[in-house]
Amino acid sequence: NESIVIKGKQFLVLKMIGRGGSSKVYQVLDQRNQLFAVKYVNLEEADPQTVESYKNEIEHLNHLQQYSDQIIKLYDYEITNSYIYMLMECGNLDLNTWLRNRKTVNPLERKFYWKNMLEAVQTIHKHGIVHSDLKPANFVIVNASLKLIDFGIANRIQPDVTSIMKDSQVGTLNYMPPEAIKDTSSQPGKISTKGDVWSLGCIMYCMTYGKTPFQTITNQITKLHAIIDPTHEIEFPDIAEKDLLDVLKRCLVRNPRERISIAELLEHSYLKLQS
Ligand SMILES: Cn1cc(Nc2nc(NC3CCCCC3)c3c(C#N)c[nH]c3n2)cn1
């Protein structure tokens, strides 16, 4: 097995967890047999703007460590002109893989994961960051809680055609809010924090009904039209947890101004622990 040296510390690579474009994530062991995740980014094919976006993401990740336990721990990092190494805490599994493998979700587990996701996203919003591309692969399960692993700031380095995009959920439209599609200015920064609420609502919809609201529409253009079409009613099959049904309906409101906020979701009766 190969080893990686970060800031003079040696790590033994156990396996590659995932890869996307020019970045790879490894599961590694340090000398004391502690488990870590190392994200490696090859900067050789990255343009200056992309390098800057990665540095920006790392600075924010480093800064937000202190504000919430629902942000992945970043222990160290090394940036050179040709690569980036980020030494982070290692999750047991990402939420996308976990959702795919689980047929049914335990209601209490779902409620706890929802609280974790809200807290993570509230933390980045409080520091002026809107993710705008939230999906299950952005969260990992560490012991019993969910942690956010990226803020959607770093550009996806255009992969060389040979690289197999195993990064499971790159480019999925299933979590995209209507305003991001309709936003004629198409300035990403223009999307408010309410866009992340829509995406979180799609994740919770999937944890409730086993699929995202528009997953059955396979044609991407038809899907985009359905997301923005007010006459296309999203189905909410009846469930025992009426509070959860209310959460889903309030997150999946097409008008961002009428959509529930993160702060209101954290006060919602669904999160009150009795039941
Ligand atoms: C499948 N699986 C995932 C883990 N754990 C894990 N995956 C991480 N990224 C994964 C890369 C592939 C796509 C899904 C996220 C990171 C991480 C970053 N970035 C920081 N810590 C992590 N821990 C164990 N199995």
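None of the figures in this text is laboratory data; all of them are computed from the coordinates on show. Everything quoted here is computed from the prediction, not taken from an experiment. Please note: Cβ atoms are built from the backbone with ideal geometry, for glycine as well, and neighbour counts cover all protein chains shown.
Quick notes on this one:
- The modelled label-to-label distance for the pair Asn106/Asn255, using points 7 Å beyond Cα in the direction of Cβ, is 4.1 nm.
- Two tests apply to each whole DSSP H helix in the chain, Cα reach of 18 Å or more along its axis and mean Kyte-Doolittle hydropathy of at least -0.5, and the ones passing both are 193-209.
- Site pair Lys73 and Val170 shows an inter-label distance of 3.0 nm when each label is modelled 7 Å from Cα along Cα→Cβ.
- Which of Ile181, Ile203, Ile153 has the fewest Cβ neighbours within 10 Å, and the rest in rising order: Ile181, Ile153, Ile203
- Cα-centre dipole for the stretch 1-94 with unit charges at Cβ (Lys and Arg positive, Asp and Glu negative), debye to 20: 360
- For the chain, the relative contact order is 17 percent, taking Cα pairs closer than 8 Å that sit 6 or more residues apart in sequence and dividing their mean separation by the residue count.
- Gaussian network model of the chain, Cα within-10 Å springs - most flexible of Gly152, Gly171, Gly195: Gly171
- Spin-label model, Asp246/Asn219: points 7 Å from Cα along the beta carbon direction are separated by 3.9 nm.
- Distance from the stretch 207-275 to the stretch 44-82 (C-alpha centre basis), Å: 32
- Under 5 Å, built H, 5+ apart or other chain: amide partners of Leu93: Ile141
- With a Förster radius of 25 Å applied to the beta-carbon distance between Leu12 and Ala144, the computed FRET efficiency rounds to 0.40.
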